[in-house]
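Undergrad: Below is a structure I'd like to ask you about.
Values quoted throughout were computed directly from the atomic coordinates according to the rules given, and no laboratory measurement underlies them. Keep in mind it's a predicted model, so treat the numbers as computed, not measured. Here the Cβ is made from the backbone with ideal geometry for all residues, glycine too, and neighbour counts use every protein chain on show.
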Amino acid sequence: MDFETDPFVHERHVKPFACGLYDGRDFMSEWSEDCAERIITRLRRFPPAVIYMHNGGKFDFFFLLRHLGTDLIIINGRIVKATIGDHEIRDSFAILPIALGQYKKDDIDIDHLEASSRESHKDEILRYLRGDCVYLHELVTGFREEFGDALTIGSAAMLQLTKRHKFARSGSDNDAKFRKNFYFGGRVQCIESGLLNVPYKIYDVNSMYPHVMRNCLHPSGRGAEVSKRVERNTCFVVVEGRQLGPYGIFPSRVETGKRKGSLTYDREYGTFCITIHEWEAALETCQFAPAKVFKTYGFTDRTCFDSFVDHFYGARLLAKSEGDKARELFYKLILNSAYGKFAQNPEHFADWKITRGERMAAPWSLAFVHNKGEYTVFNFQSLIAKGGSHVESTLVSATCRGRAGFGICATARGDP
């Protein structure tokens, strides 16, 4: 299902004027200012179904708020699942986090969607709307045939991973300890800006996540051996020393001021909590002078995920050679998303409810107020229980060997 709305213009309150629904055989549409209400009336005549809208959890669903059931699933600010009567409504972006155009999308002049001209282009707009619904149906159907009824790409990826690899999971104590000290967000920093009138290089690595999953050993289980020496099984290092490079390579958290809790690479001397990959890359490239190793954590049980990567990387290459764009996308997303699920923070999970302005008692906490209080969203913490340090350390090793200026393309840090 999909809406067509007014084009986005600064400070414009966009509204839908058309809605389309495709069930795999028939396409139906509503064309009016109350298209949302009309499509809901149609849905009431359908047997219970799962309805997908692409990016619906951050856009289209808000045109349907008055019809949503109380219980929601929200992930990273996105409504991933809700209900409308007997139907379940999902955001397909949660399983396919790509722009629809990466698969298939028709072209349209966006000005034709303006209120002043849309009536004269109604047939064209409805063809465009139908195309979006049909292409999304193709993608979602293909994904479900391949991976089942997964709610998110991450859960689908982890199911495939655990089918091929058995490993012990860390307990809550280890989980909190290692995440707090050794897992950080990826480095996103504009080191220089302006017009660069000097030679420079951009370093990127094809399929870095699958490479790390397949070829690196990752600690598993609960048993960490604590030492003050860097040994063969060391995975984490707490070390005091001096960063020698011009930009810093070890992150630390800002402890005071407005940026408290954010990351900085500007600390020249101090105590750093790093992974073994960062330690080895820093010493190899002479970017760090250690003064004292306070503590190391070693793991006897370590594993790689070669079977998982070999299967889906090979499947992706085959799909690409056969011109199967959908499955080529599926396998790429599965490979990258499995990597991103490691060390997921359980504190980011909560139960959610939406009300028509009513307040809810403890343990529920007010999270959002929408439309000046017409709708209120509450949550409470659930007890549900990634990485990139090797990515960044690989790029550091490569760039330090170069002679020209450089740019690093990396998006995550934290794999042990």
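Undergrad: At 0.36 nm per residue, minus the direct Cα-Cα distance, what do Phe380 and Ile202 gain on full extension? Give it in nm, one decimal, please.
TA: Values: separation 178, 0.36 × 178 = 64.08 nm, distance 4.38 nm.
Between Phe380 and Ile202, full extension yields 59.7 nm more.
Undergrad: Could you check the simple spin-label distance between Asp86 and Asp306, using points 7 Å along Cα→Cβ, in nm with one decimal?
TA: Placing both labels 7 Å beyond Cα along the Cβ direction yields 5.2 nm.
Undergrad: How many nm is it between the label spots at Ala176 and Arg232, if each spot is 7 Å from the Cα in line with the beta carbon?
TA: Going by the 7 Å Cα→Cβ label model, 3.5 nm.
Undergrad: Where the Cα atoms of the chain are projected onto their three principal axes, how long is each span, largest first, in whole Å?
TA: That gives 71, 55, 45 Å along the principal axes, largest extent first.
Undergrad: What would the Debye formula give as log10 I(q)/I(0) at q = 0.15, 0.21, 0.23 Å⁻¹ for the alpha-carbon point model of region 150-265, no solvent?
TA: With no solvent term, the Cα-only Debye profile gives -1.11, -1.49, -1.51.
Undergrad: Based on the Cβ-Cβ distance of Arg169 and Ser262, what FRET efficiency does E = 1/(1 + (r/R0)^6) give at R0 = 30 Å, to the nearest 0.05?
TA: Values: r = 30 Å, r/R0 = 0.99.
Calculated transfer efficiency: 0.50.
Undergrad: Region 9-99: which trypsin sites (Lys or Arg not before Pro) are DSSP loop and have at most 13 other beta-carbon atoms within 10 angstrom? Write out the running numbers ahead of the final one.
TA: On the way: sites: Arg12, Arg25, Arg38, Arg42, Arg44, Arg45, Lys58, Arg66, Arg78, Lys81, Arg90; in loops: Arg12, Arg25, Arg44, Arg45.
Those that pass, being in a loop and sparsely packed, are Arg12, Arg25, Arg44, Arg45.
Undergrad: Here's something else I'd like to know. Relative contact order (percent) for region 2-151, with alpha-carbon contacts under 8 angstrom and 6 or more residues of separation?
TA: Numbers: 206 pairs, mean separation 34.7, N = 150.
Computed over region 2-151, the figure is 23 percent.
Undergrad: Just subtract the alpha-carbon distance of Arg127 and Glu284 from 0.36 nm times their residue separation and send over the number in nm, one decimal. Kindly include the intermediate steps, with their values, before the conclusion.
TA: Details: separation 157, 0.36 × 157 = 56.52 nm, distance 5.85 nm.
Residue separation times 0.36 nm, minus the Cα-Cα distance, leaves 50.7 nm.
Undergrad: Report, in whole Å, the centroid distance computed from the Cα atoms of region 64-116 and region 236-294.
TA: 42
Undergrad: With labels modelled as points extended 7 Å from the Cα through the Cβ direction, what inter-label distance (nm, one decimal) is found for Gln189 paired with Leu151?
TA: For Gln189 paired with Leu151, the spin-label model returns 3.7 nm.
Undergrad: Full extension from Ala367 to Val134: what is 0.36 nm times the residue separation minus their Cα-Cα distance, to one decimal in nm? Please list the in-between numbers first.
TA: Numbers: separation 233, 0.36 × 233 = 83.88 nm, distance 3.52 nm.
Extending this stretch completely gives an extra 80.4 nm.
Undergrad: Something else now. Which of the trypsin sites (Lys or Arg not before Pro) found in region 94-197 are loop residues per DSSP with 16 or fewer other Cβ atoms within 10 Å of their Cβ? Could the numbers behind the result be given before it?
TA: Values: sites: Lys104, Lys105, Arg118, Lys122, Arg127, Arg130, Arg144, Lys163, Arg164, Lys166, Arg169, Lys177, Arg179, Lys180, Arg187; in loops: Lys104, Lys105, Lys166, Arg169, Arg187.
Counting only loop positions with at most 16 other Cβ atoms within 10 Å, the trypsin sites (Lys or Arg not before Pro) in region 94-197 are Lys104, Lys105, Lys166, Arg169.
Undergrad: Let me ask something else. Grab the beta carbon distance between His13 and Arg253, set R0 = 51 Å, and tell me the FRET efficiency rounded to 0.05.
TA: On the way: r = 39 Å, r/R0 = 0.77.
After rounding, the FRET efficiency stands at 0.80.
Undergrad: At what distance in angstrom do the alpha carbon centres of region 144-158 and region 312-379 lie from each other?
TA: Cα centres, region 144-158 to region 312-379: 12 Å.
Undergrad: Please report Ile74, Ile39 as a ranked list, fewest other C-beta atoms within 10 angstrom at the top and most at the bottom.
TA: By the 10 Å Cβ count, ascending, the order reads Ile74, Ile39.
Undergrad: Taking only the alpha-carbon positions of region 2-151 and ignoring solvent, what does the Debye formula give for the base-10 log of I(q)/I(0) at q = 0.20 Å⁻¹?
TA: Computed log10 I(q)/I(0) values: -1.46.
Undergrad: Taking region 109-150, which GluC sites (Glu not before Pro) meet the DSSP loop condition and have no more than 15 other C-beta atoms within 10 Å?
TA: Glu114
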